[in-house]
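Encoded as structure tokens, the structure appears first; notes follow it.
The values are calculated or read from the model by the stated rules, or taken from the named source; none is laboratory data. Since the structure is predicted, the reported quantities are computational estimates derived from the model, not experimental observations. Glycine gets a Cβ as well: all are built from the backbone with ideal geometry, and neighbour counts include every protein chain shown.
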Amino acid sequence: MKIIGTGSAHPTCAVTNQMLEQFLDTSDEWITERTGIKERCVISSEKLEDMAVIAANQALENAGLTAADIDFIICSNVVNEYVTPALSCIIQGKIGATCPTVDINAACAGFIFAMDMAEDKLKCKKAKNILIVCAEEPSRMVSWQNRSTCVLFGDGAGAAVVTEGDELKAIRLTTSSLTEVLYYQRSLEPTPYISKEENFEPLVMKGREVFKHAVTNSCRDIRKLLNETGLDANDIKYYVLHQANRRIIDSIRNFLGVDEEKVPHNVERYGNISSAALPALLDELNRGGKLKKGDKLVFSAFGAGFTTGACVIEWAKE
Ligand code: UT7
């Protein structure tokens with residue numbers, strides 16, 4: 001598999017830490033020091049599907065393909081306004097594709113899980129070109145009265161087109177059922193037969209536990225992949241890490257012992273946009289001319305579940 005196109009889109013409403021100070025008992029100082037986040041883009045008048053479609057079309061254009069060339073679409077999404085149909089069906093129609101589609105939910109690690117699925121489809125020759133779209137609106141999962149969670153997230157979409165190639169060097173996925181450290185329970189319709197008590201809660205997160213799992217698991221995944229591919233940590237041009245928190249990113253970098261310029265970040269501008277974070281950052285690097293053919297990249301992400309995904313790729317575009 002190789003990546004041949006990327007795209008991204010962010011909502012227009014940028015919410016700064018100072019704007020949050022107006023209605024929450026928080027401060028720019030606290031948020032900056034604990035998370036590195038200065039602002040996040042949050043959906044207001046637009047719809048998540050609009051972001052997804054912009055990112056998808058950009059990725060197609062960057063790949064030099066049209067929607068007719070796509071054989072399969074994988075959309076990574078945790079929440080959007082529809083439970084059904086899947087967001088990938090909406091994206092398919094809006095970009096004018098006709099191929100089958102599926103949604104997956106591996107939380108913030110969704111992009112790597114989608115890459116793994118895409119690689120399998122390519123290997124069994126069931127598809128030639130696959131569009132991966134990660135579109136997320138965690139701003140609709142948090143309580144905006146809860147300062148511990150709402151300051152951390154933003155909304156957005158990132159996309160990539162992948163095709164046959166030899167550039168995915170190694171990939172690793174894990175799931176450990178730690179469902180109590182990070183969850184969001186949405187309400188279901190009542191029925192005449194439901195008598196048990198049901199809880200519906202906005203996003204709940206045990207921040208310190210998630211922090212520890214994130215750093216430990218990401219470092220473990222990356223070390224295993226470097227070992228498997230025989231690469232040294234410094235052979236990697238960029239570590240494209242999940243953008244949840246600047247302190248997590250810095251801790252992973254310190255444990256791996258790599259220089260700051262190898263670990264790009266944009267969490268300060270977008271907050272945590274869940275699975276869209278990784279392809280959106282990749283798109284920024286691609287469009288900013290930072291990637292050269294042959295560069296080795298590591299991707300690593302973690303999320304609710306607890307899920308983790310990491311891979312080593314070689315950049316294939318000129
Ligand atoms: O995709 C996975 C997503 N999740 C993550 O990656 C999150 C991982 N966890 C973290 O990044 C950190 O744990 C947080 C940034 C969420 C929190 O930082 P922390 O250093 O672990 O703080 P804490 O939760 O232990 O809270 C320390 C204090 C508490 O006050 P008390 O009890 O000590 O009086 C909190 O109530 O900070 C308070 N606090 C805040 N204060 C001002 C929590 N949120 C805020 C806030 N503004 N926004």
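Just a few scattered comments:
- Any hit, the stretch 168-184, residues being closer than 24 Å to His10 by Cβ and either assigned by TED's automatic domain parsing to the domain that holds Asp283 or crowded, with 17+ Cβ neighbours inside 10 Å (or both): yes
- Spans of strands (runs of 3 or more DSSP E) in the stretch 86-194 with at least 2 residues touching a Ser or Thr at 6+ places or on another chain (Cβ under 6 Å): 101-104, 129-136, 156-163, 168-175
- Any hit, the stretch 82-102, residues being at negative phi, touching a helix residue (DSSP H, G or I) at 6+ places or on another chain (Cβ under 9 Å) and within 16 Å of the ligand (Cβ to nearest atom): no
- Residue that is farthest from Gln243 (Cα to Cα), among those in the stretch 34-62 that are within 16 Å of the ligand (Cβ to nearest atom) and touching a strand residue (DSSP E or B) at 6+ places or on another chain (Cβ under 9 Å): Val42
- From Ala127, Ala159, Ala135, residue being under 21 Å from Leu48 (Cβ atoms), crowded, with 17+ Cβ neighbours inside 10 Å and more than 16 Å from the ligand (Cβ to nearest atom): Ala159
- Hey, Ala86 surrounded by 14 or more Cβ atoms within 10 Å (Cβ to Cβ), over 28 Å from Tyr183 (Cβ atoms) and not charged (D, E, K, R) or not: no
- Selection within the stretch 176-225 - of a type in the set (S, T, N, Q), farther than 22 Å from Leu278 by Cα and either touching an Asp or Glu at 6+ places or on another chain (Cβ under 9 Å) or without any contact (Cβ under 8 Å) to a residue 40 or more places away in the chain (or both): Gln185, Ser187, Thr191, Ser195, Asn199
- Residue within the stretch 253-262 that is touching a residue at least 12 places away in the same chain (Cβ under 8 Å), part of a strand (DSSP E or B) and within 16 Å of the ligand (Cβ to nearest atom) present: no
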